[in-house]
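Structure first, then comments.
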Amino acid sequence: MRVGAIPEPGGDVIASASEITAGGGLNTMVAAVRDGLPVVFAGQYGTGPFGDVVRAALVDSGVEVLQPGLDDVDSGYCVALVDATTERTFVTSVGAEGRLGRADLDRVALRSDDTVFVSGYGLAHTVNGPAIADWLTTVPDGVRVVLDPSPLVDTLPPAVLAPVIARADVVSANGREARLMAPTAAGLADAVTEIAASARGTALARDGAAGCWVAEPGRAPV
């Protein structure tokens, strides 16, 4: 929903435009498909109007759907308010995507040259987070794990986030997320260095028009 400005608490505003579309992790999958990669969606989805939107978007994008889906709950949804500054404000209602269990993840057959993309949004769910963290301990060494910590990173349980970072070959965060992950760091360069020290591989912190900082364990950031 596009609005001129977010209304005050208790207020109201008329949106100038609105649409219902699949988003979130789909954006990453579509980008990978457009780069010529075969993509498999291992997340969960539901049955209902929002689940229909999700399934249709995955099929239209050429993404293989691994899970059979849940028939007793719909997929969740997110209301995104985009104001005149183009800033986005989200309110999310969790549905079937928050019920991805270890048995679901055991359906994933990995090859040595695969890349597993993990979103912090998925780790925020009480079922998904522990299941994903536990499953990643079984992922073969040759499989690349990429973590996008998401804006919710400071709300993720340490028992979930720490093992995921430790297994991540790439941690890709924006500036805000990097600062939340390394709150005592003097700046982004120090923050990305701290993150890399906890990860298996490369950490990067995107800094808008200023570019990004990149660090690897044992090396100075650039």
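The values are calculated or read from the model by the stated rules, or taken from the named source; none is laboratory data. Everything numeric here is computed off the predicted structure, so don't read it as measured data. Positions of Cβ are generated from backbone atoms using ideal geometry, with glycine treated the same way; all protein chains shown enter the neighbour counts. Calculation scope for accessible area: heavy atoms of the full protein, side chains included, ligands and nucleic acids excluded. Shrake-Rupley method; radii C 1.70, N 1.55, O 1.52, S 1.80 Å.
Just a few scattered comments:
- Percent of Cα pairs exceeding the 21 Å cut-off, where the set is the chain: 60 percent
- Charged-residue dipole, Cβ positions (Lys, Arg, Asp, Glu), region 81-222 about Cα centre, Debye nearest 20: 100 debye
- Within the accessible area of region 112-222 (1.4 Å probe), percent carbon and sulfur: 57 percent
- Solvent exposure of the chain amounts to 56 Å² per residue of accessible area, where only protein heavy atoms count and the probe is 1.4 Å.
- Separation of alpha-carbon centers, region 174-219 and region 65-142, rounded to whole Å: 24 Å
- Computed [θ] at 222 nm, deg cm²/dmol, the chain (DSSP H ≥ 4; -39,500 (n - 2.57); rounded to nearest 500): -8500 deg cm²/dmol
- Peptides 26-33, 40-47 ranked from most to least packed give 40-47, 26-33, packing being the mean of other C-beta atoms within 10 angstrom over each peptide's residues.
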